[in-house]
Amino acid sequence: MLQLILRFVHVSFGAMWVGMMAFQTFFLMPSLGEVGPDGGKIMGALMRRRIPVIMSVIALLTIISGIWLFQRLSGGNPAALVATPMGKGFAFGGAAALIALLYGIIVLRPAMMRSMKLAAAGDPTLGPEIQRLRAQGVRGAKIVAGLLFFALAAMSVARYL
């Protein structure tokens with residue numbers, strides 16, 4: 001029963017994490033860039049809905065359930081599992097997701113939070129700094145999305161390697 005719950009949590013929340021990140025990276029962020037200062041209103045609405053917190057919880061649940069599943073699959077010997085092609089697929093995918101989580105928390109989130117805070121201040125002299133932070137956020141989001149796509153690909157085919 002625990003195995004089913006862990007797989008459900010890992011796959012469901014992993015799908016949400018990848019999907020939400022892809023949407024934000026390839027649709028939301030470019031759209032916000034197009035609308036200019038009005039994008040701050042949308043970002044404010046997202047903040048009120050606690051999107052950064054929700055994304056962090058989704059990512060953590062995905063990572064924790066994935067580590068637990070990997071440990072269970074390894075039978076207590078992760079080195080032996082990683083020595084197999086399937087184990088390498090799961091390990092490399094998991095490492096990519098973990099790097100995406102850390103990069104998102106350490107680099108991406110602070111830049112985006114600062115840009116939203118500055119945009120909410122409404123000071124027109126802060127425009128260049130806001131644009132710099134948003135550009136940094138777009139680059140960071142592409143990195144995170146790329147890592148998550150790699151993780152998804154690696155884990156989806158790991159059993160068939």
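The values are calculated or read from the model by the stated rules, or taken from the named source; none is laboratory data. Keep in mind that what you see is a predicted model, and the values were worked out from it rather than measured. Reconstructed Cβ throughout: ideal geometry from the backbone, glycine too, with neighbour counts over all protein chains shown.
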Scope region 105-123; condition surrounded by 15 or more Cβ atoms within 10 Å (Cβ to Cβ) and of a type in the set (Lys, Arg); matching residues:
ARG109, ARG114
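Is it fair to say ALA15 is among the hydrophobic types (A, V, I, L, M, F, W, C) and touching a helix residue (DSSP H, G or I) at 6+ places or on another chain (Cβ under 7 Å)?
Here the answer is no, as ALA15 does not meet what is asked.
Let's see how each residue does on (1) within 30 Å of GLU129 (Cβ to Cβ); (2) modelled with pLDDT of 95 or more; (3) buried (at least 16 other Cβ atoms within 10 Å of the Cβ):
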residue: GLY40; (1), (2), (3): yes, no, yes
residue: ALA45; (1), (2), (3): yes, no, no
residue: ARG50; (1), (2), (3): yes, no, no
residue: VAL53; (1), (2), (3): yes, no, no
residue: LEU73; (1), (2), (3): no, no, no
residue: ALA96; (1), (2), (3): no, yes, yes
For region 128-161: of the residues being among the small types (Gly, Ala, Ser) and more than 15 Å from ILE106 (Cβ to Cβ), which is farthest from the chain's Cα centre (by Cα)?
ALA158
Evaluation of GLY19 against (1) at pLDDT below 95; (2) surrounded by fewer than 17 Cβ atoms within 10 Å (Cβ to Cβ); (3) within 24 Å of LEU152 (Cβ to Cβ) (one fails), failing number:
(1)
Of the candidates LEU148, LEU126, LEU102, LEU81, the one satisfying the condition of being assigned to a helix (DSSP H, G or I), surrounded by 18 or more Cβ atoms within 10 Å (Cβ to Cβ), free of Cβ contacts under 8 Å to residues at least 12 places away in the same chain and not β-branched (Val, Ile, Thr) is LEU81
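Can you say whether ARG134 is basic (Lys, Arg), in contact with a Ser or Thr (Cβ under 6 Å, 6 or more places away or on another chain), surrounded by 14 or more Cβ atoms within 10 Å (Cβ to Cβ) and at negative phi, as far as the supplied structure shows?
Numbers: basic (Lys, Arg): yes; in contact with a Ser or Thr (Cβ under 6 Å, 6 or more places away or on another chain): yes; surrounded by 14 or more Cβ atoms within 10 Å (Cβ to Cβ): yes; at negative phi: yes.
Spelling it out, ARG134 is indeed basic (Lys, Arg), in contact with a Ser or Thr (Cβ under 6 Å, 6 or more places away or on another chain), surrounded by 14 or more Cβ atoms within 10 Å (Cβ to Cβ) and at negative phi.
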For region 58-78, enumerate the residues that are free of Cβ contacts under 8 Å to residues at least 40 places away in the same chain and under 30 Å from ILE42 (Cβ atoms).
ILE63
